[in-house]
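Novice: Just dropping this structure here.
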Amino acid sequence: MPYGVHAPMDSVQPARPDAPRDPGPRQTRLQKLPRRHDTVLARSDARNPQVCCVGFVSDTDIKTPRGRVSPLSGRLGSRPVIDEPINIADFERVAAEKLEAGVLGYFAGGACDEVTLRDNVEGWQRWRLRPRMLVDVSAVETSAQVLGAEVSMPILVAPVAYQRLADSEGEVGMARAAAAAGTVMCLSTLATARPSEVAAEAPAGRRWFQLYCFNDKAVTRALMDEAIESGFEAIVVTVDAPPGGRRERDLRTGFKIPEGLGVPSVQAALGVDREVTIEETFSLMDPALSWSDIEDLASDCSVPVLVKGVLTAEDAVLAVEHAAAGIVVSNHGGRQLDCVLASADALPEVVDAVEGRAAVLVDGGVRHGTDVAIALALGADAVLVGRPALWGLAAAGEEGARRVLELLRDELELALALCGCTSPAELSRAHVQRAPGASVYSV
Ligand code: GLV
């Protein structure tokens, strides 16, 4: 079973009756998915029989010679199942079924009417790739350099708060998944595990730390120090919050971070022996943060400092002038100010303004390898994915997050080959143009 990561072993039959079942450790993990997905399948299919559904297979399902369920089975009138999520949307559906409504709304939601949340995904679709033919793509590699260090792919894990809401392994599981995929995980200040814990539990991984700046500079310093001492290789300062955005889904569901799920690194940095809530944490952040603070921070930091939340050429220039080693083009996953530019639309002007003086990364709406290829062609050094990795984590813990990252890597590799590129570095502006009818912004 090459994938099958979500199939409970009691419902998946081996290809041949005499074939032994894979006894590996993966089985335990995969059983985390409940069987009630069979019901989800039935519902999804009733709405739209053409929709490719995620689900579990049973003895009666149609098998291909390799033991996987034929994608034709639904069209042939049998139960419409395949045995694994085949794209990020599938992982999202599995996660949505597992997560409690308030938690799902917290992770999936954006600010206000969620204009930017939707636009982030659509933004990549306003670009078209310009592939080149008859290039030797018999050997394609996805590895890339980011901030002078090699990653297995230019796809990093974005900071996402409170990951233990999604899975009991939380940030530790995510860090292990990123390590297994050979990429960087960026840990949130609002993580449910401290940097030191993540470093101890996922020692093989490469890690960056996302930093919120507090009114009390000593608190900010303590957070940075713990991360750097724990081997985190970069500090990513988020500059598009506070205050936190207006999350209408949370207002509707009445969602609150449950008691018992604090932010231990903030608690330690504050030096208090009690749980610190998200509300208290946000109230302690510095709303007067300025570019000179970024410069002070960068000049007093032994690792590169990136600025996350830049959407304009003007701020990109300021970031470079104030010693940022990198910029993350980001609108916080559409969770802060609604109606700002989609990341895919803001990226070109930032790349142009930076003129190679700092690394440029981008997050928001990346759901396919082709989105990654477009971002790289527009000049990004790498992308970060938040929700996609989180859906994987929610679906099947560390294994699910790892599968999401591997899926994106496979999709990127295919996109590179079909573009006539043998590595991410070969993608250039010549490989991308505005989609016809979407030429409001020019490259
Ligand atoms: C935290 O950064 C959030 O967006 O909830």
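Novice: For VAL236, indicate whether it is of a type in the set (A, V, I, L, M, F, W, C) and more than 16 Å from the ligand (Cβ to nearest atom).
Specialist: When the stated conditions are applied, VAL236 does not pass them.
Novice: Does the stretch 266-282 hold any residues that are under 25 Å from GLY105 (Cβ atoms) and either in contact (Cβ under 8 Å) with a residue 12 or more places away in the chain or in a loop (DSSP other than H, G, I, E, B) (or both), and which are they?
Specialist: VAL266, GLU275, VAL276, THR277, ILE278, THR281, PHE282, listed by residue number.
Listed here are the residues, each with its yes/no results for (1) under 22 Å from GLY386 (Cβ atoms); (2) surrounded by 21 or more Cβ atoms within 10 Å (Cβ to Cβ).
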{"position": "ARG207", "(1), (2)": "yes, yes"}
{"position": "PHE214", "(1), (2)": "no, yes"}
{"position": "ARG221", "(1), (2)": "no, no"}
{"position": "ASP225", "(1), (2)": "no, no"}
{"position": "ILE228", "(1), (2)": "no, no"}
{"position": "GLU233", "(1), (2)": "yes, no"}
{"position": "ALA241", "(1), (2)": "yes, no"}
{"position": "GLY245", "(1), (2)": "yes, yes"}
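Novice: What is the one condition in (1) away from the ligand (no atom under 14 Å from the Cβ); (2) surrounded by fewer than 23 Cβ atoms within 10 Å (Cβ to Cβ); (3) more than 17 Å from VAL303 (Cα to Cα) that ALA202 does not satisfy?
Specialist: ALA202 satisfies all of (1) away from the ligand (no atom under 14 Å from the Cβ); (2) surrounded by fewer than 23 Cβ atoms within 10 Å (Cβ to Cβ); (3) more than 17 Å from VAL303 (Cα to Cα) except (2).
This table checks each residue for (1) touching a Cys at 6+ places or on another chain (Cβ under 9 Å); (2) under 30 Å from GLY148 (Cα atoms); (3) surrounded by 18 or more Cβ atoms within 10 Å (Cβ to Cβ).
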residue	(1), (2), (3)
ARG252	no, no, no
SER265	no, yes, yes
SER302	no, yes, no
VAL305	no, yes, yes
VAL317	no, yes, no
ASP338	yes, no, yes
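Novice: Just to be sure, is LEU297 part of a helix (DSSP H, G or I) and touching a Ser or Thr at 6+ places or on another chain (Cβ under 9 Å)?
Specialist: yes
Novice: So is ALA161 over 30 Å from GLU100 (Cβ atoms) and part of a loop (DSSP other than H, G, I, E, B) or not?
Specialist: No: the conditions fail for ALA161.
Novice: Next question. Restricting attention to strands (runs of 3 or more DSSP E) lying wholly within the stretch 315-425, give those where 2 or more residues are within 16 Å of the ligand (Cβ to nearest atom).
Specialist: Hits in the stretch 315-425: 382-385.
Novice: So, one more: GLU321 passes all but one of (1) surrounded by 19 or more Cβ atoms within 10 Å (Cβ to Cβ); (2) over 14 Å from VAL237 (Cβ atoms); which number fails?
Specialist: Result: GLU321 fails condition (1) only.
Novice: List the number of the failed condition for GLY254; all other conditions in (1) closer than 27 Å to ALA111 by Cβ; (2) touching a Pro at 6+ places or on another chain (Cβ under 9 Å) hold.
Specialist: Exception for GLY254: condition (2).
Novice: Inspect all residues belonging to the stretch 128-145 and state whether any of them is in contact (Cβ under 8 Å) with a residue 60 or more places away in the chain and under 15 Å from the mean Cα position of the chain (by Cα).
Specialist: Looking through the stretch 128-145, none of the residues is in contact (Cβ under 8 Å) with a residue 60 or more places away in the chain and under 15 Å from the mean Cα position of the chain (by Cα).
Novice: Determine, yes or no, whether ARG357 is touching a helix residue (DSSP H, G or I) at 6+ places or on another chain (Cβ under 8 Å) and surrounded by fewer than 21 Cβ atoms within 10 Å (Cβ to Cβ).
Specialist: When the stated conditions are applied, ARG357 passes them.
Novice: Here is a list: GLY437, GLY365, GLY420, GLY356. Which entry is on the phi > 0 side of the Ramachandran plot and in contact with a Ser or Thr (Cβ under 8 Å, 6 or more places away or on another chain)?
Specialist: GLY365
Novice: From SER343, SER423, grab the single residue that is polar (S, T, N, Q), closer than 20 Å to VAL151 by Cβ and surrounded by fewer than 23 Cβ atoms within 10 Å (Cβ to Cβ).
Specialist: Unique residue meeting the criteria: SER423.
Novice: Right, something else. Go through the stretch 146-163 and count every residue that is more than 16 Å from the ligand (Cβ to nearest atom) and either touching a residue at least 60 places away in the same chain (Cβ under 8 Å) or of a type in the set (Gly, Ala, Ser) (or both).
Specialist: The total comes to 10.
Novice: So for the stretch 114-121 (the condition being more than 16 Å from the ligand (Cβ to nearest atom), assigned by TED's automatic domain parsing to the domain that holds LEU405 and part of a strand (DSSP E or B)), does at least one residue qualify?
Specialist: no
Novice: Within the stretch 164-197, restricting attention to residues that are polar (S, T, N, Q) and under 16 Å from TYR212 (Cβ atoms), which residue is farthest from the ligand (Cβ to nearest atom)?
Specialist: My answer is THR192.
The values are calculated or read from the model by the stated rules, or taken from the named source; none is laboratory data. Model, not experiment: these values are computed from the prediction. Neighbour counts are summed over all protein chains in view; Cβ atoms, including those assigned to glycine, are modelled from backbone coordinates with ideal geometry.
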